[in-house]
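Notes follow once the structure below has been shown.
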Amino acid sequence: MSERLDRPKAEPKRWGLFRRSGRSKDPDRMGAFTEGIARFLGTTRFLIYLTVFCIVWLAWNSWGPEGLRFDSAANGFTALTLMLSLQASYAAPLILLAQNRQDDRDRVAAEQDRQRAERSLADTEYLAREVAALRQAVNETATRDFVRSELRGLLEELQQADARDNSRRDDAAQRD
């Protein structure tokens with residue numbers, strides 16, 4: 001049986017530890033969260049925090065009270081190395097996730113730019129056709145000088161016709 005398109009697709013029920021809470025229905029929320037972390041990892045503030053953390057760690061485990069040291073310098077600060085490796089192992093995928101999301105945004109922006117450029121091109125072509133049509137219409141429109149010359153020509157023809165009529169009348173009057 002085909003799915004109904006007039007109803008939203010029902011999510012499968014999840015039981016146990018993998019059940020989704022009803023708080024968030026936004027699937028992009030985790031992506032935005034991880035992108036925020038990745039953006040923070042690329043800031044100067046993070047580098048300063050990490051440097052201060054490492055300096056404090058090294059100072060405490062080098063010069064702190066013997067009984068309270070938890071990472072021995074004799075072992076090459078193994079716990080610090082493991083923590084920095086763990087941080088790097090999480091940072092790399094987070095940065096890749098942020099990069100993928102940015103690529104998706106760039107792709108959408110490029111598509112919107114392409115559509116906008118197509119619309120602009122179509123509008124420009126339409127306006128060019130309209131301007132060409134207006135130029136043709138203006139060229140076909142009678143100018144003031146043309147109308148004056150036509151009126152002068154008609155006036156001269158009327159005067160000539162009137163002069164002919166007058167001469168005919170005078171000729172007819174002389175015959176009678």
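FYI, it's all coordinate maths here, none of it is from the lab. Remember, predicted model here, so these are calculated numbers, not experimental data. Every residue, glycine as well, gets a Cβ built from its backbone with ideal geometry; the counts of neighbours run over all protein chains shown.
A compact table of results
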item	result
Student exercise, the chain dipole from Lys, Arg, Asp, Glu Cβ charges, in Debye to nearest 20	1580 debye
Within-11-Å neighbourhood charge of Arg168 [Cβ basis; K, R +1; D, E -1]	-1
Fluctuation leader among Ala59, Ala161, Ala133 - the chain, Gaussian network, Cα springs under 10 angstrom	Ala161
Selected from Ala163, Ala109, Ala79 as most flexible by GNM, with the chain as the system and alpha-carbon contacts under 10 Å	Ala163
Debye, to nearest 20: dipole size of the range 28-120, +1 on Lys, Arg Cβ, -1 on Asp, Glu Cβ	200 debye
Given [x] 19.1; [y] 16.5; [z] 27.3, the label whose value is Kirkwood radius over Cα pairs in Å derived from this model	[z]
For the range 28-120: relative contact order, % (alpha-carbon pairs under 8 angstrom, 6 or more apart)	37 percent
Under the span-like rule (Cα at least 24 Å along the axis, Kyte-Doolittle mean at least -0.5), DSSP H helices of the chain	44-63, 78-140
Among Cys54, Met30, Leu151 - extreme Cα towards positive end, dipole of the chain, charges at beta-carbon	Cys54
Positive-end extreme of charge dipole, the range 28-120 - chosen from Ser72, Gln115, Tyr90 (charges on Cβ)	Gln115
Value of relative contact order over the chain, rounded to a whole percent, pairs C-alpha under 8 Å and six or more apart	19 percent
